[in-house]
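The values are calculated or read from the model by the stated rules, or taken from the named source; none is laboratory data. None of these values were measured; they are calculated from a predicted model. Note: ideal-geometry Cβ built from the backbone for every residue, glycine included; neighbour counts use all protein chains shown. We work out accessible area using only protein heavy atoms, side chains counted, and drop any ligands, DNA or RNA first. Shrake-Rupley method; radii C 1.70, N 1.55, O 1.52, S 1.80 Å.
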Amino acid sequence: MTGPSASPKVHLDRGHCLELLRQMILIRRFEEKCAELYTQEKIRGFLHLYIGEEAVAVGVAQALAPEDAVVATYREHGHALVRGVPPGEIMAEMYGKRDGCSRGRGGSMHLFHAATRFFGGNAIVGGGLPIAIGLALADKMRGEKRVTACFFGEGAAAEGEFHECLNLAALWKLPVLFICENNLYAMGTALKLSESETDIHAKAASYQIASEMVDGMNIVDVEAAARRGVAAIRAGNGPYFLECRTYRFRAHSMFDPQLYRDKAEVEAWVARGPIVRFQRWALDAGQIHESDVAAIEADVAQQVDAAIAFAEAAPWEPIEDLLTEIGAERRT
Amino acid sequence: MGAFLMPSLGADMEAGTLVEWLKQPGDMVHRGDIIAVVETEKGAIEVEIFENGQIAELLVQPGTKVPVGTTLAMITAEGEAPAPRPVQPIAPAPKPPVAAAPAPARVAKPMIPTARPRASPAARQIAAARGIDLGSLSGTGPDGAIVRADVLAAEGPRPAKTGIDLNQMRRAIAAAMARSKREIPHYYLTHSIDMSAAQDWLAAYNSTRLPDERLMLSTLLLKATALAVQDFPEFNGFNSADGYHPSSAIHVGMAIAIRAGGLAAPAIHDTATLPLPVLMTKMRDLVGRVRRGGFRASELTDATITVSSLGDRGVESLLPIIYPPQVAILGFGTVQRRPWVVDDTIAVRPVMTVTLAADHRASDGHRGALLLRAVEAQLQKPDML
Amino acid sequence: MTRELTFRDAYREAIREAMLADERVFMMGEDIGHYGGCYAVTKGLLEEFGPERIRDTPLSESAFTGAGIGAAMNGMRPIVEIMTCNFSLLALDQIMNNAATIRHMSGGQFHVPIVIRMATGAGRQVAAQHSHSLEGWYAHIPGLRILAPGTIEDARSMLKPALADPDPVLIFEHVMLYNRTDMLPDELPEVDIDHAAVRREGSDISLITYGGSLKKTLDAADILAKEGIAAEVIDLRVLRPLDDATILASVSKTRRAVIVDEGWRSGSLAAEVMARIIEGAFWELDAPLARVCSAEVPIPYPKHLEDAALPQTDRIVAAARQVVGR
């Protein structure tokens, strides 16, 4: 990652532009491949794709340092990739192989990676917020100047945990960056059908938390807002809240006929997707050339293929090891 | 490359119905193009193709439901000759290792070594009833435990501690019965007895008593026989080489069936002197001990006359065989409700047929008839028994 | 030398000792600071250790339990006090879906060394929503270690190995034991959190129990002894993982068992113990197993009905007599 994360300003030099584009395209192509592999039954269970929302994970990642922590949801492949979890380990995890980042035990929804301080991968909506405030609490008590970035969807705003955690984080001034990825649908329920107050950032503000609403399709806006938030947190001001308005181009999960939204609506959002917008701007601004884009695509294709090869070749965990890694049983 | 398969779209999707083709043979397709619509339980889902090429052939017609993995269409890659239609889905994914049926979790074995044989409660029950020593059996149950089938299979080749060997017993019975028929000149007398008085008295007696104090009909029969035979010494004693010896004591032998097919007729000593409750207790004890194999040799040889009763699940009458060296045996049939003449009218009465089989060398029919009448008389006054 | 103290004092001493020994240890819970603790266990600790380490929380069981989980994953050793197990249901998602699963879901990369203390049980006429015994229910969940101290030594000494455990430990403190006094030796023996304990030896029947029912069971054993029945009393101490070896050794010796458990009868911990005895010692049994549990009713308010609903010494005695065949 380029760009010093301590600075609140976004430096859109050529190098940074290429990096932003590369990361978004990596996520996009990786997720597209996952869809294909799922239809071939290589990936099983539930699969939730991040296609369309790339700017949020990538933008926020620019503001974080390696020593910071990330807590995400079950739609977390993109967050794991930009955090630096190796694509092969992510793919192997989704295959269920022993060399997956969670030893194959978790699958798509439970990616964990200690080296990059990636704390999951949580399948309970809102379930990651309490963990995030706990990580932040420990940092504060130990005098660590680290930030915990906590991603969740707008559906989490309905859960009690959301309110409990925002309240506690504000009360105890915990160093948490809350990022609400508002993609307008909690599975199949539109936001306006489930929230009396649809401005999620307004809810956070009511807990005395500094909050912003951000255009989640504009990666530069996201990065800038994230840098502002992280700077405020590192200055000791307590938690910060970003509501990023975004949209998922594909269904909630693979097995979803999308009866709840219009094709026209989807197409409108696709037309102003994060990659096409940024790519067009960067090309127009002369920061990058078509050949750069081709190079990035080729490079990403190679990375994705390598990840698949790694996953295909990786071994299955032997059944005899079923009862390991449960904890609390190991003694006696 | 070459086949477009029905995709898996969800964890619980097993099959889908092809609803519509959005491309036709000859059309060029690109990665990401939606080429068909599939109907699932959740609704219609658009299905995309992941490679570039040309539709060569559509294999499944709209409206057909097919399992995930079925080939729906053949695709020619750019610049490639059409591939042969595959007979099966291509290269099924290598399956994860399948567990063999796991052995149930082994629990820590008890620390204290056990001296007694491991046997199931059901096995113990049968073993006790048949007098089989568990220690002499080997078990086929879990961890070598003895189970019911092991006990049932053990038909007694090994002698039990109490000395009953069923095979030996049957041989002995066979020998005795053959000898009896060979040597003893049997004569038979039959009499039917109105059992109303006895039954009524028994019912009244039992109605005010707890189950383990109640009397059975057979108690009355034994007592009646014992009392009656007091006046008929030619039916109560032993025959030997030097002639017949009547016995001063009356020990009525009770024929008891053993479940595995044996028979024993041990004696109840001084039957005539025993009050009915005491007699009942002794009878019950004897049956239990016989079935467990726990009776004494003297109990077998001391019987001076034998009674055999079919109980209430038998038949009308029986012609018993005398147990040598005894000289008489009474066989009591089942009490049955029969038409009976009472004061010149027909009534229904509980009636029992008793048969006396006696050794003609020691007694004759005239006396035998009187004995039977005496037994009948006793049974008409059950309160005096 | 011994001294007399209450279970409450024992718990407090244990917490104090842990906080003095390790600065990573801190507490979160409702009313543990300014109020002094609902059961006065944490009385005085706020004054001694300050608000950073004794943290009063809002009424947000899910958030502060989850915060404990996150803090434990990030280098601290939190003791989360959930006022009673009745309120723990609000934190059940965090306990079951995070604390119990994170080691497994992360393939062993992260672990959660959290201790959660909860009051449990009935007896104070606080009615249906405040009288649950859920320790047997929690013992169903892989990934958790469940403790139920029934003696003053365990009340004093189980916290140390619980804090040292790299994985989640739940400690269930019975409400009726807080006020009970008992003698504690000055020289504290180290206790483990792996094994059950034989509290009284006997040869005729095994009485297997834990926590708030231990005293009632020991009293029952005294009564039975006068009738010539020598009962062995097993204190389970650790409800998950169960100490099969101790249970089976006892029942193999006595050949009879009664399990005493304050949970409701159906699907109780007692049912699990009975199943294990059948699995491991069937051939040794000389009588059917029996159990004394709470009646299948939400715990009622009036004393006579509450007493009738809960396991009591006389019911334990009656059950034992029946099993022995008297």
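List of remarks:
- Percent antiparallel among DSSP beta bridges (both partners in chain C, rounded to 5): 25 percent
- The value of relative contact order for chain A, using C-alpha pairs under 8 Å at least six residues apart, is 24 percent.
- Shielding value for A:282-291 is 0, the average number of Cβ atoms from other chains within 10 Å of each residue's Cβ.
- The mean count of C-beta atoms from other chains within 10 Å of the C-beta of residues in C:73-85, rounded to a whole number, is 3.
- Within the range C:264-326, GluC sites (Glu not before Pro) in DSSP loop having at most 11 other beta-carbon neighbours inside 10 Å: C:Glu296
- Annotation: average projected area of the protein assembly as shown is 62.1 square nanometres, based on the convex hull of Cα atoms across all directions.
- Per-selection metrics, the range A:157-223 (Cα): Rg and Dmax in Å: 12.7, 35
- For the protein assembly as shown, the Cβ-based charge dipole about the Cα centre amounts to some 3780 debye (Lys, Arg positive; Asp, Glu negative; other atoms uncharged).
- Here the range C:93-138 is treated as a sphere whose radius is the Kirkwood value from Cα pairs; by Stokes-Einstein at 10 °C and 1.306 mPa s it diffuses with a coefficient of 124 µm²/s.
- Packing rank of B:369-377, C:114-122, where each peptide gets the mean count of other beta carbons within 10 Å, highest leading: C:114-122, B:369-377
- Around the amide H of A:Val214, modelled in the peptide plane, lie the amide H atoms of A:Glu243, A:Cys244, A:Arg245, all under 5 Å away and 5 or more residues distant in sequence or on another chain.
- Restricting the calculation to Cα atoms, every distinct pair contributes to the Kirkwood radius of the range A:46-164, found to be 14.5 Å.
- Set A:Lys33/A:Lys263; A:Lys42/B:Lys42; A:Lys173/A:Lys203; A:Lys97/B:Lys65; B:Lys23/B:Lys65; A:Lys33/A:Lys192 screened for pairs whose C-alpha atoms are more than 24 Å apart: A:Lys97/B:Lys65; A:Lys33/A:Lys192
- Under 5 Å, built H, 5+ apart or other chain: amide partners of B:Leu5: B:Leu72
- A convex hull fitted to the Cα coordinates of the range B:259-353 yields 145 cubic angstrom per residue.
- For the range C:50-173, average projected area of the Cα convex hull in nm²: 8.1 nm²
- Peptide B:30-38 - average C-beta neighbours from other chains (10 Å radius): 1
- Over the range B:134-286, the pair-distance histogram of Cα-Cα distances with 5 Å bins from zero comes to 1, 7, 11, 13, 15, 15, 12, 10, 8, 4, 2, 1, 0 percent, rounded to whole numbers.
- Computed [θ] at 222 nm, helices only, for chain C once each DSSP H run of length n ≥ 4 contributes -39500 (n - 2.57): -9500 deg cm²/dmol
- Where only alpha carbons of chain A are counted, the Rg and the Dmax (Å): 19.4, 67
- Quarter the surface of the alpha carbon convex hull of chain C and you get the mean projected area, 16.6 square nanometres.
- Neighbour count of at most 11 Cβ within 10 Å plus DSSP loop: longest GluC sites (Glu not before Pro)-free window in chain A: A:198-332
- For the range B:304-373, the alpha-carbon coordinates run over 43, 28, 15 Å along the three principal axes, in decreasing order.
- Accessible area in the full protein assembly, largest first, 1.4 Å probe, for A:Met94, C:Met83, B:Met384, C:Met176: B:Met384, C:Met176, C:Met83, A:Met94
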